[in-house]
1. Sequence gap of 8 or more, or different chains, plus Cα separation below 20 Å: how many lysine pairs satisfy both in the chain?
2. For the chain, calculate the relative contact order in percent as a whole number, restricting contacts to Cα pairs under 8 Å that are 6 or more residues apart.
3. How far is helix 224-234 tilted, in degrees, relative to the longest principal axis of the Cα atoms in the chain, given as a value from 0 to 90 rounded to the nearest 10?
4. Taking amide H positions as placed in the peptide plane 1.01 Å from N, state which residues far from Gly223 in sequence (5 or more) or on other chains have amide H under 5 Å from it.
5. With θ taken as phi - 60° and the coefficients 6.51, -1.76 and 1.60, list the Karplus ³J(HN,Hα) couplings across the stretch 116-127 in order, rounded to whole Hz; mark glycine and proline as x.
6. Place +1 on the Cβ of every Lys and Arg and -1 on the Cβ of every Asp and Glu in the chain, take the dipole about the Cα centre, and give the residue among Gln151, Tyr221, Pro117 whose Cα lies farthest towards its positive end.
7. Using a cut-off of under 16 Å, list every residue of the stretch 13-52 whose amide N is near the label point 7 Å from the Cα of Phe67 along the Cα-to-beta-carbon line.
8. Identify which of the listed values of semi-axes √(5λ) of the Cα gyration tensor in Å was calculated from the structure shown: [x] 40, 17, 15; [y] 24, 22, 17; [z] 50, 18, 15.
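What follows is calculated from the coordinates using simple rules that are stated; it is not laboratory data. Here the structure is a predicted model, which is why all the values come from computation and not from measurement. As a convention, Cβ positions derive from the backbone with ideal geometry for all residues, glycine included, and neighbour counts pool all protein chains shown.
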Amino acid sequence: MKKWRIRSNRDWVIAAFFLLLLSYLAVSVYRQPVNELLMEFSPEKMSVFNQPEHQGVYGLTFLLAAFLFSLLWVWQQRAEGKNAWKLPVFLWAGTGAALIVLLLSYQMECRRIVNTPRDTDLVPRVSMTLWSGGTPVEREPYEVGLSPEAQEKLLALCLDLQALSKEEQAELRIQMDDEWEADIHISYPEHEGHAYTLWFSMKDDMIRFHRGHSAEEDVYYDGTGLREFFAVYRSL
């Protein structure tokens, strides 16, 4: 086993680089569940369709690499000297600091993305699709042609939506089904590497913002302010 001994600092650097690369490849397979966990730290109108994808993967990569490097350190019996504990301590302290920086970076990037409507002069594409009655399999959607003035009004109404309380949202998740009367899509062109998209569904006076892959992550709003607008274009 002597040939597997890591003897020089150069060998340790090579081992660290190899473990970092191996960790990144392993974590990349789980990119989606990692990013879904990060949704807990994102703003209300952030969805998986617009979510930054790198910080979560980088953070878990550093964590896994630090764990593997620590195992290698112990296996190579480098912990025999009286100061040998210093490297693992510095390693985990640095990893913790890196995780905090990545989380703050993620939150800042998310805020920048959701502030696209207010911080830029980008003109979004605003569209509304209505659904006919019947079962989800039988219903046929059709897109309503909106004038520039109607698009502007619909955009303002959607951006000003205020979320219901957590208790009300929890109750709605139990009551609501997949039968919606309208879908509203707002798509901003790409800006600084991100394209911002909002997807709302409407039924009666309720608005649902599609935040992720699960209805448990979606956000519900009081759509009373949109009811009159919706009623006008529903008659087309």
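1. 5
2. Once divided by the residue count of the chain, the mean separation gives 18 percent.
3. Once rounded, one gets 60 degrees.
4. Counting only residues 5 or more places away or on other chains, the set is Met206, Ile207.
5. Values per residue, Gly and Pro as x: 3, x, 9, 9, 10, 9, 5, 9, x, 8, 10, 9 Hz.
6. Working it through, the farthest residue towards the positive pole turns out to be Pro117.
7. In the stretch 13-52, the label zone of Phe67 (backbone N under 16 Å from the point 7 Å along Cα→Cβ) covers 19-31, 33-35.
8. After the calculation, the listed value that fits is [z].
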